Structure formats: C-alpha cells, structure tokens
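The values are calculated or read from the model by the stated rules, or taken from the named source; none is laboratory data. All values reported here derive from a predicted model rather than from experimental measurement. Cβ placement follows ideal geometry from the backbone for every residue including glycine, while neighbour counts extend to all protein chains displayed. Heavy atoms of the whole protein, side chains included, go into the accessibility calculation; ligands, DNA and RNA do not. Shrake-Rupley method; radii C 1.70, N 1.55, O 1.52, S 1.80 Å.
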Amino acid sequence: MKALLIVDVQNDFCTGGALATKGGEEVVPVINKIAAEFDIVVASKDWHPEETMHFEKWPNHCIQNTKGAEFHKDLDTSNIHQIAYKGTGTKDDGYSAFEATNINLTKYLQQNKITEVYVSGLATDYCVLNTALDSVKHNFKTFVITDAIRAVNVKSDDSEKALEKMKSAGCKLISSEVILS
Ligand code: VGL
Ligand code: ZN
C-alpha cells in the first residue's frame with residue numbers, strides 16, 4: 001500500500017507568505033492531480049505557538065489558528081485522510097512530519113499496511129528533507145516527487161544539497177508523470 005505525504009502546503013510557505021518558497025503554490029495542482037493514486041493521504045501542518053525557540057531561527061510563521069497556517073486555498077483537502085500537526089511545542093522545530101504530536105505517524109502508516117511513502121510539499125530543504133529521511137529510517141520505501149516540492153533556499157544551493165542527501169539516504173526521486181503513467 002502507498003501513502004502520499006503532503007508536507008506543509010500552507011500560506012506562509014507560498015508566495016506572499018512569512019517564509020515563502022519560490023513558487024510554492026505551483027505544487028498544488030500537481031498534488032491535486034496525483035492524490036487519488038494513493039491508498040492513504042496525510043497532510044502535515046507546521047503548527048507553532050506564538051512564542052517558540054523556533055522563531056529565534058526563523059521569522060514568525062505558521063502560528064496556530066492564523067491565516068498563514070492554513071492550507072493553500074486551492075489544495076484539494078477532500079483527498080486527505082489525516083492531518084499531522086508538528087512544531088507544536090515551545091522548543092521543538094518539528095521539521096519532520098514524523099514528529100507530529102497529534103498522531104504517531106509511523107504507527108498510523110504501519111496500521112494502514114503502508115510500505116511505500118511518497119513525499120511532496122514544502123520546503124525541500126527543511127521539512128520535506130527531514131520527513132523523507134525519517135521515512136527511510138522507519139523502513140518505508142521512500143520516494144520524493146521532484147515536481148511537487150519547492151525550497152526555501154536560504155543559500156541558493158540548499159535544494160540541490162537536500163536532494164543529494166535524500167538520494168544518499170536511499171530515497172528515490174520520481175516525477176508526477178511517472179506516478180500517473
Ligand atoms: C519549514 C522552516 C521552518 C518547512 C518549517 O516547512 O520546511 N522550514 N519551519
Ligand atoms: Zn516552522
């Protein structure tokens with residue numbers, strides 16, 4: 001069984017948001033197109049309290065119950081079986097969807113007989129990276145959907161480096177076209 005993880009497709013990571021990736025919203029139509037191909041779809045939300053140590057490293061973003069923390073308005077949420085909230089404490093960065101505090105994501109996937117995890121969303125160099133690496137660690141065959149991710153790129157080559165790290169860890173890079181074919 002196959003799961004799609006949609007990482008942090010929230011307003012603050014899209015154009016005009018507090019921590020925007022370049023063209024983050026462009027992943028939305030790609031994700032909407034492929035979601036029906038999966039047995040289980042989990043969407044994570046970066047979900048920070050107003051005050052957190054995380055904001056010593058980053059501009060304030062994805063504060064619980066604010067507009068910036070909402071999913072991009074065009075994301076088709078009818079496909080989503082489970083939302084995973086992460087970064088909810090005052091000390092945790094919560095870069096990985098596997099650090100969700102409302103569910104045990106590993107157990108949830110295992111209970112649903114998932115063996116393959118496909119990672120999409122924002123941002124390539126932080127939450128997508130950490131989610132994909134954790135997925136490998138938890139022994140899921142892990143795919144990263146290259147046209148369904150965008151990077152923050154604090155440094156211009158961060159996204160390239162992240163892709164290399166994911167490949168070295170054993171993630172397979174795949175395009176949405178291959179999933180649909
Ligand atoms: C993220 C930086 C800070 C992400 C979250 O979703 O990739 N990046 N918080
Ligand atoms: Zn964050």
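Couple of notes before you dig in:
- Residues (over 9 Å from the mean Cα position of the chain (by Cα) and within 16 Å of ligand 2 (Cβ to nearest atom)) located in region 107-125: Asp125
- Residues in region 1-17 that are open to solvent by 50 Å² or more (accessible area, probe 1.4 Å) and farther than 19 Å from Leu173 by Cβ: Met1, Thr15, Gly16.
- Set side by side, the residues Thr66, Thr21 differ, and just one is open to solvent by 30 Å² or more (accessible area, probe 1.4 Å) and of a type in the set (Ser, Thr, Tyr), which is Thr66.
- Selection status of Leu173, over 16 Å from the mean Cα position of the chain (by Cα) and surrounded by fewer than 21 Cβ atoms within 10 Å (Cβ to Cβ): no
- Among residues of region 100-128 that are farther than 18 Å from Lys167 by Cβ and open to solvent by 20 Å² or more (accessible area, probe 1.4 Å), those with a beta-carbon under 7 Å from a residue that is of a type in the set (A, V, I, L, M, F, W, C) and part of a loop (DSSP other than H, G, I, E, B) at least six positions away or on a different chain give the pairs Asn112/Met1; Lys113/Met1; Thr115/Met1; Thr115/Phe140.
- Every residue from region 92-128 that is closer than 20 Å to Ala18 by Cα, among the charged types (D, E, K, R) and not in a helix (DSSP H, G or I): Asp92, Asp93
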